[in-house]
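Remarks on the structure that follows.
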Amino acid sequence: MAKHAAPGWWVPFQKRWILVLLIMLSVSTLIAFFIRAAFEPCDRQLEVAHKRVQSIPPIAAKNNPLSFMKSKLVLLVSHQLSLSGGPLLLMELGFLLRGVGAEVNWMTIQKPFGEDEVIYSLEHRMLDRGVQVVSAKGQEAIDTALKADLIVLNTAVAGKWLDAVLKEDVPRVVPKVLWWIHEMRGHYFKSDYVKHLPLVAGAMIDSQITAEYWKNRTKERLRIKMPDTYVVHLGNSKELMEVAEDNIAKRVLREHVRESLGVRNEDLLFALINSVSRGKGQDLFLRSFYESLELIKEKKLQVPPMHAVIVGSDMNVQTKFELELRNYVIQKKIQDRVHFVNKTLSVAPFLAAVDVLIQNSQARGECFGRITIEAMAFQLPVLGTAVGGTTEILVNGTTGLLHPAGKEGVGPLAKNIVKLATHVERRLTMGKRGYARVKEMFLEHHMAGRIAAVLKDVLKKSKNHLY
């Protein structure tokens, strides 16, 4: 993204306007590309394309904590390839490793029959970045696994691949496996999935609370012991931070997104950005949003018009749950206040457009919830459930406000929405403090450093096992 023009450029006055015009055109062209990649209007909703702005160049390998991975052969194994958090994080790890000269292969275990637009797009994105896509079945898969210096198995479900494909070669492979676990649900604790977990070189988990949950659950339910477990908090990509710190880009993105939604610049916009499912709490958020509108009306509070946007729909295949959401909106007659947007890789335009992020994941919450730190990078306060990894990111009362999960959280979330709607200064202060926390803890180089320490340890164990 183009940066602000530095004041006091030493050029003749007549030429300054030409330079300013060129800068404005450059920014406009880049933003227009970003906008086209992010959405196109459709019946006052948005159909979001699965594209992003071209990634900025990686930092020099000599300054990268992962530089020791140069020339290493790394196999990344994912249970699926989709727009969900696990596969996208694994892809990002692949790009980081490619940036330091590692040879990276990718396998997707479960693929639908026929062509899939999302898989096609993501595979070509990996190929463009030098990540080789290979079959997860047959002799090619076995040979790749045996040759690899390191195998990263992504999510608990991917564990079934070990027996199904490697078979008698499993003992030769598991000592060099790093198992990256993101799940927080009880139904993943099945022997078919995780029976080899005690034998791998290590498990990497995104939050302390999830690591404790896995340690206790595997012991109580499966009577197995977790391997050495590493807690690695995630970080924002440099690409996202580049947009978040460019005020011109943010302003233009905000204007375009709001115009497409039919939301004015002075209106308040609350967003929940997650795949639409009951576990992500969109239904309870809409109830809270409606209650907040009623509270404002009842107390005759003076606030700008409020809107809610749910980013994470699938407009081609609307689930029963999503139909419930839309019917609730119609029933409460808030169609002009609630907007549904298709799921997307490009969250930056929406983070630039909204005023507050809602993180409303239910039950045990998110393992980490990367959208939370992405929102904080855009100086947005976060209203989150007091469960899971959110509690390790959000500082209650400082960078946002926590509320209980479940139905008992509907009222508190409604009140928190009203609090931030009626106190502009508090909203802005929380956003600034969230940004400062991101800069301190949740950047790409922080994550790369944490992952590097894990990979060094895993490679050392793998090497020792050979001898």
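The values are calculated or read from the model by the stated rules, or taken from the named source; none is laboratory data. Only a predicted model underlies this, so the values are computations on that prediction, with no experimental measurement involved. Please note: Cβ atoms are built from the backbone with ideal geometry, for glycine as well, and neighbour counts cover all protein chains shown. Ligands, DNA and RNA are excluded from the accessible area calculation, which covers all protein heavy atoms including side chains. Shrake-Rupley method; radii C 1.70, N 1.55, O 1.52, S 1.80 Å.
Contact map, region 145-167: residues that are at positive phi paired with residues that are open to solvent by 10 Å² or more (accessible area, probe 1.4 Å) and among the charged types (D, E, K, R), Cβ distance under 8 Å, separation 6+ or inter-chain. Pairs shown: Thr155/Glu183.
The rows are residues; the columns are (1) farther than 25 Å from Asp283 by Cβ; (2) among the aromatic types (Phe, Trp, Tyr); (3) assigned to a strand (DSSP E or B); (4) more than 20 Å from the chain's Cα centre (by Cα).
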{"position": "Thr372", "(1), (2), (3), (4)": "no, no, no, no"}
{"position": "Thr398", "(1), (2), (3), (4)": "yes, no, no, yes"}
{"position": "Val410", "(1), (2), (3), (4)": "no, no, no, yes"}
{"position": "Met430", "(1), (2), (3), (4)": "yes, no, no, yes"}
{"position": "Tyr435", "(1), (2), (3), (4)": "yes, yes, no, no"}
{"position": "Lys439", "(1), (2), (3), (4)": "yes, no, no, no"}
{"position": "Ala448", "(1), (2), (3), (4)": "yes, no, no, no"}
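Residues that are modelled with pLDDT of 95 or more, open to solvent by 40 Å² or more (accessible area, probe 1.4 Å) and not in a helix (DSSP H, G or I) within region 250-297 comprise Gly262, Arg264, Asn265, Glu266, listed in sequence order. Has region 82-95 got any residue that is small (Gly, Ala, Ser), free of Cβ contacts under 8 Å to residues at least 40 places away in the same chain and farther than 25 Å from Ser207 by Cα? Scanning region 82-95 turns up no residue that is small (Gly, Ala, Ser), free of Cβ contacts under 8 Å to residues at least 40 places away in the same chain and farther than 25 Å from Ser207 by Cα.
The number of residues in region 239-296 that are farther than 24 Å from Lys432 by Cβ and among the aliphatic types (A, V, I, L, M) comes to 7.
Yes or no, residue by residue, for (1) surrounded by 15 or more Cβ atoms within 10 Å (Cβ to Cβ); (2) in a helix (DSSP H, G or I); (3) among the acidic types (Asp, Glu):
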{"residue": "Tyr193", "(1), (2), (3)": "yes, yes, no"}
{"residue": "Pro198", "(1), (2), (3)": "no, yes, no"}
{"residue": "Met204", "(1), (2), (3)": "yes, no, no"}
{"residue": "Ala211", "(1), (2), (3)": "yes, yes, no"}
{"residue": "Trp214", "(1), (2), (3)": "yes, yes, no"}
{"residue": "Glu220", "(1), (2), (3)": "no, yes, yes"}
{"residue": "Pro227", "(1), (2), (3)": "yes, no, no"}
{"residue": "Leu234", "(1), (2), (3)": "yes, no, no"}
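Consider only pairs whose beta carbons are under 6 Å apart and that are at least six residues apart or on different chains; among these, list those whose first residue lies in region 413-432 and is among the β-branched types (Val, Ile, Thr) and whose second residue is surrounded by 22 or more Cβ atoms within 10 Å (Cβ to Cβ) and in a helix (DSSP H, G or I). Cβ pairs passing all conditions: Ile417/Ser292; Val418/Ser292.
When region 314-370 is examined, which residues are found to be of a type outside the set (A, V, I, L, M, F, W, C), outside any loop (DSSP other than H, G, I, E, B) and out of contact with any Gly (no Cβ under 6 Å at 6 or more places or on another chain)? Full working, then the answer.
Within region 314-370, the subset of a type outside the set (A, V, I, L, M, F, W, C) is 314, 316, 318-320, 322, 324, 326-328, 331-333, 335-337, 339, 342-344, 346, 349, 355, 359-362, 364-366, 369-370.
Subset that is outside any loop (DSSP other than H, G, I, E, B): 320, 322, 324, 326-328, 331, 339, 342, 349, 359, 370.
Once the filter is applied, which keeps residues that are of a type outside the set (A, V, I, L, M, F, W, C), outside any loop (DSSP other than H, G, I, E, B) and out of contact with any Gly (no Cβ under 6 Å at 6 or more places or on another chain), region 314-370 yields Lys320, Glu322, Glu324, Arg326, Asn327, Tyr328, Gln331, His339, Asn342, Pro349, Arg370.
Contact annotation: residue pairs with Cβ atoms under 8 Å, 6 or more positions apart or on different chains, pairing a residue in region 346-370 that is within 22 Å of Glu245 (Cβ to Cβ) and open to solvent by 10 Å² or more (accessible area, probe 1.4 Å) with a partner that is of a type in the set (Asp, Glu) and outside any loop (DSSP other than H, G, I, E, B), are Val347/Glu374. Gly101 fulfils the conditions (1) surrounded by fewer than 22 Cβ atoms within 10 Å (Cβ to Cβ); (2) of a type outside the set (D, E, K, R); (3) in contact (Cβ under 8 Å) with a residue 12 or more places away in the chain; (4) not in a loop (DSSP other than H, G, I, E, B) except for a single criterion, (4).
Give all pairs with beta carbons closer than 8 Å in which a residue from region 442-467 that is aromatic (Phe, Trp, Tyr) meets a residue that is not in a helix (DSSP H, G or I); count only pairs at least 6 apart in sequence or on separate chains. Once the first residue is aromatic (Phe, Trp, Tyr) and sits in region 442-467, its partners that are not in a helix (DSSP H, G or I) give Phe442/His233; Phe442/Leu234; Phe442/Gly235; Phe442/Asn236.
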